[in-house]
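Comments concern the structure below.
Please treat every number below as a calculation from the coordinates, not as lab data. These numbers were taken from a predicted model, which means no experiment stands behind them. Heads up, the Cβs are rebuilt from the backbone with ideal geometry, glycines too, and the neighbour counts pull from every protein chain shown.
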Amino acid sequence: MSEKPRPDRAPDRAPDRGELLRLLGGEVGTLRFTDVERVASRPKDGMALDDLRFTSSAGESVAAYFLRPDEGGAPAPAVLYCHAHGGRYGIGRDELMGGRPALRAPFGPALAARGYAVLCLEMPCFGERAELQETALSKAHHWRGTTLFGRMLAELSAGLDFLADAPSVDASRIATLGISMGGTHAWWLAALDERVRAAVHLCCFADLDCLISAGGHDGHGPYMTVPGLLQHCSTGQLAGLIAPRPQLVAVGLEDVFTPPDCFALGLSKLEAAYAAAGARDALEVVSDPRSGHVETKAMRNAVLDFFDRRLGRHLD
């Protein structure tokens, strides 16, 4: 069911990170990983692929894959890879090495071949955690004054802690990357945490109030609900908190989640934030008028080129 378009209610100013953290439920930046176990490790694509199990301060076991250079070498730039949703609850972290239908190929091997360390955490309700039902968990969080989206971002933030402390990682060169739900995680985390030096997101960027008016919001899972968000900021304003750090936005305009009008509105506010920060050149956009909710060849090329220019070893 769609609503009639409404005037933009978000204030005409940059959102406050503290207020965003409160709306998310207060777990981002406070939840920690208290322990990590390396369950197994094997050579993969010139790297080591570690099978990790984190224990969070909330008592949850969080599985992850960590592609890293051999220990003792020079610290590498790193990517926190955020997996997608797609209603495929069984995939989770396996997306890193095995891919999914919306991707041309898995990103793990492609990034490893360029010398990047890559961490992929399994989100609640996915992979080994799929026994947790998304609707039930979302409702439980709301009753308790938290959000499932906030819990996901909190775990990803704890993943940043791990990367920043890892001897094999250059903590000054950590980026986020994802498609769909993973893309939303990638840009939200970058907006909230300045340790993310660059952000790349595919198939997930549109003005949310516009999307609600168009009736397209219901395609998103309940995980994404942040009560009261639109009274404080719009999508473009929130993603604008990443400025002046580099950001790559890639969308298909036949995607139900990024319809042209809603994408254009979100992008206009994002561009305004980068202009205000004096960093127009740090914002890059790839849009395909004939593509839907899938990664295209142009997107893949743009992502790898973006990382090589913005995050690569050759940078000072």
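Over the residues of the chain, the helix contribution to mean residue ellipticity at 222 nm works out to -9500 deg cm²/dmol, using -39500 (n - 2.57) for each DSSP H run of at least 4. Proximity of backbone amide H atoms, modeled 1.01 Å from N, is registered between Lys44 and Leu49 at under 5 Å, excluding neighbours fewer than 5 places apart on the same chain. Using a simple spin-label model with pseudo-atoms 7 Å out from Cα toward Cβ, Asp261 and Thr30 lie 4.0 nm apart. Span-like helix check, the chain: qualifying full DSSP H segments, with Cα axial length of 20 Å or more and mean Kyte-Doolittle of 0.0 or more, are 148-165, 260-276. Packing, taken as the mean count of other beta carbons within 10 Å per residue, orders the peptides 154-161, 45-52 from highest to lowest as 154-161, 45-52. By the gyration tensor of its Cα atoms, with a ≥ b ≥ c the square roots of the eigenvalues, what is the shape of the stretch 28-136: rounded for a/c under 1.5, prolate for a/b over b/c, or oblate? It is oblate, given that a/c is not under 1.5 and a/b is not larger than b/c.
With the biggest extent put first, the Cα atoms of the stretch 128-212 measure 39, 31, 24 Å across the principal axes. Annotation: for a label point projected 7 angstrom from Cα along Cα→Cβ of Arg195, residues of the stretch 272-316 with backbone N closer than 20 Å are 311-312.
If R0 equals 30 Å, the separation of the Cβ atoms of Ala298 and Ala58 corresponds to a calculated FRET efficiency of about 0.15. Between rounded, prolate and oblate, where does the stretch 75-147 land on the alpha carbon gyration tensor, with a ≥ b ≥ c its root eigenvalues, rounded for a/c under 1.5, else prolate if a/b exceeds b/c? Because a/c hits 1.5 or more and a/b exceeds b/c, the stretch 75-147 counts as prolate.
Based on the Kirkwood approach, the hydrodynamic radius assigned to the stretch 17-58 is 12.7 Å, with every pair of different Cα atoms included.
Rounded to two decimals, the Cα radius of gyration of the stretch 211-263 over 2.2 N^0.38 Å is 1.25. Both radii come from the Cα set of the chain: Rg as radius of gyration, Rh as Kirkwood radius; their ratio Rg/Rh reads 0.94. Cross-link partners of Lys297 among aspartates and glutamates, defined as those whose alpha carbon lies under 13 angstrom from its own and excluding same-chain residues fewer than eight positions apart: Asp288, Asp305. Note on Trp187, Trp143: ascending count of other Cβ atoms within 10 Å places them as Trp143, Trp187, the fewest first. Considering only beta bridges that DSSP places wholly inside the chain, some 45 percent are antiparallel. From the Cα gyration tensor of the stretch 124-265, with a ≥ b ≥ c the square roots of its eigenvalues, which class applies: rounded if a/c is under 1.5, or else prolate if a/b is larger than b/c, or else oblate? Since a/c reaches 1.5 but b/c is at least a/b, the shape of the stretch 124-265 is classed as oblate.
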